[in-house]
Ligand code: ADP
């Protein structure tokens, strides 16, 4: 129940409405008592007293009461639903916030995003039905139950005790007989299993049966089984058949007892006829709220699991947290130092990055090269602090990434990945995603630098063209240019670039390259390199293998070493190599850019 108490806390901001709703609920449920009251008054004050004036008065009274009841019912439904929906709404926002803010990348990276989404929406839905459906039923029916019991006790407490004792006895009998029926039905099922086993055995083993001339034997076995079946079925039928008369009899005993004692009180003048009839009406109806309360209770129990999962998700401790004394990272120059960095995603014996040390100077362009799975993406993720290193340190300028706030860190690091997601919205919005407070002029300037203008101008709606899920779909090269414009607008000191592996057509390629050249200038960049031009241009190539830095240097130096890089160069970049001239051995870096 503790999670329900916690739910209640969410309703606290809406206490006023909640209380008003509950008041209405008390009124509406109370009005359920009108019927027995009418019975009483009509009997005693109209029928017995033969009073026409009273009849008129009561008729008008009933109408007025029902109008009042209408207001109560409306208020109860509207206000309580309002609070319930609002709580769910707040929870959903909080859950989403906790998911996008506090969950680390690791949480989303196991290819279960679909499951994740249904998990969130399912649990929220169970919660909603628990709060606004079952929860409300539970409260309302409990109140009605309390009212009914109280009214019965008020009318005649000895008779009430009789009802309260005989009711449970009948319920107990029903339960006991119910169990017996269940057991018998299970036996019927078992016997049926046995029955089909014999049938199957005989049919599939018919060769043996016939060759041993065991037809009669099998028939006998079969008949024995059908007899057992028959007996089991009849046993279940008997138990079922006995239920109704027994329950009816017990109930009748109770009713007769109530009628007998009640009528005696009426005859002896201790109870008015109206009181007695009202009492009867109440006791006959008593089983309804009991049934509904227990049904609602069962539903609430079911929802408990969903509730716990939601709160579990909310209480989750993020893997990557700001240190309590984290400072804002001031504007940096872009120096990145890896100092014996080791990182693994979980399996301690297979670090994705092992003892990695390297110093990157501000403004350098670093090409990350290595076989697939070598750790290039991981290294880039560490710079963003999507994960925390297990040992060693990673410094941006002289700040350990763990000592600064994630927000201030990520504001100075940008990523352009091969798979650019465009959010639903206009192209303009998608570029402005890079810096929400950018002016329109700045957005346009970024778009110009990234060669986005070239295609935007061809759309009739220009920047206002809708893209994303429900909008127009852009080509791979166009999407990349939007992503580059976004990064230009963000203007980070450090840039991580995951180059596309799939080839674009020459024109797209040229424009993307031109856009990238604009973006890279003056920033420290880590490029997960798939293009020849990148490795030729890079100030330093870091060659990774199984998470280790195995070679580093410039293209020609590395090529001369004849190690892993040379091998990779000849395999990974072979296709592209045939169409491009290699830089000359004596070419200066300036020429290569
Ligand atoms: P690269 O980018 O060089 O292809 P990665 O950095 O993606 O290599 O991967 C390095 C190693 O870490 C691989 O062995 C890969 O299987 C593992 N790895 C990558 N991402 C995850 C992850 N989210 N969870 C667990 N292991 C991962």
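At a glance:
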{"quantity": "Exposure proxy ranking, count of Cβ atoms within 10 Å, fewest first, for 52, 33, 365", "calculated": "52, 33, 365"}
{"quantity": "Prolate/oblate/rounded label for the range 113-255 (Cα gyration tensor, a/c 1.5)", "calculated": "oblate"}
{"quantity": "Relative contact order [Cα under 8 Å, 6+ residues apart], the range 365-499, whole percent", "calculated": "33 percent"}
{"quantity": "Residue 106/residue 77 FRET efficiency (R0 45 Å; Cβ-Cβ; nearest 0.05)", "calculated": "0.50"}
{"quantity": "Fewest-first sequence of 482, 165 by Cβ atoms within 10 Å of each Cβ", "calculated": "165, 482"}
{"quantity": "Rounded tilt (10° steps) of 136-155 against the dominant C-alpha axis of the chain", "calculated": "20 degrees"}
{"quantity": "For the range 5-78: relative contact order, % (alpha-carbon pairs under 8 angstrom, 6 or more apart)", "calculated": "53 percent"}
{"quantity": "Packing-based ranking, highest mean first, of 379-387, 395-403 given that Cβ atoms within 10 Å are counted", "calculated": "379-387, 395-403"}
{"quantity": "Relative contact order, percent, the chain [alpha-carbon distance under 8 Å, six or more residues apart]", "calculated": "14 percent"}
{"quantity": "Peptides ranked, highest mean first, by Cβ atoms within 10 Å: ranges 74-82, 251-259, 215-223", "calculated": "74-82, 251-259, 215-223"}
{"quantity": "C-alpha long axis of helix 113-128 to longest principal axis of the chain, angle in °", "calculated": "30 degrees"}
{"quantity": "Computed lengthening from residue 533 to residue 410, 0.36 nm per intervening residue step minus Cα-Cα distance", "calculated": "41.5 nm"}
{"quantity": "Whole-number Å³ per residue for the convex hull built on Cα positions in the chain", "calculated": "306 Å³"}
{"quantity": "Packing-based exposure ordering (other Cβ within 10 Å, fewest first) of 404, 100, 443", "calculated": "100, 404, 443"}
{"quantity": "Using alpha-carbon coordinates, inclination of helix 273-285 to the longest axis of the chain, degrees", "calculated": "40 degrees"}
{"quantity": "13 Å cut-off, amide nitrogen to a point 7 angstrom out along residue 231 Cα→Cβ, residues in the range 156-200", "calculated": "188, 191"}
{"quantity": "DSSP-defined antiparallel bridges as percent of all bridges, the chain, nearest 5", "calculated": "50 percent"}
{"quantity": "222 nm mean residue ellipticity, helices alone, for the chain (DSSP H n ≥ 4; -39,500 (n - 2.57); rounded to 500)", "calculated": "-20000 deg cm²/dmol"}
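Every number here is computed from the coordinates shown, using simple stated rules; none is lab data. Here the structure is a predicted model, which is why all the values come from computation and not from measurement. Methodologically, a virtual Cβ is constructed for each residue, glycine included, from the backbone with ideal geometry; neighbour enumeration extends over all protein chains shown.
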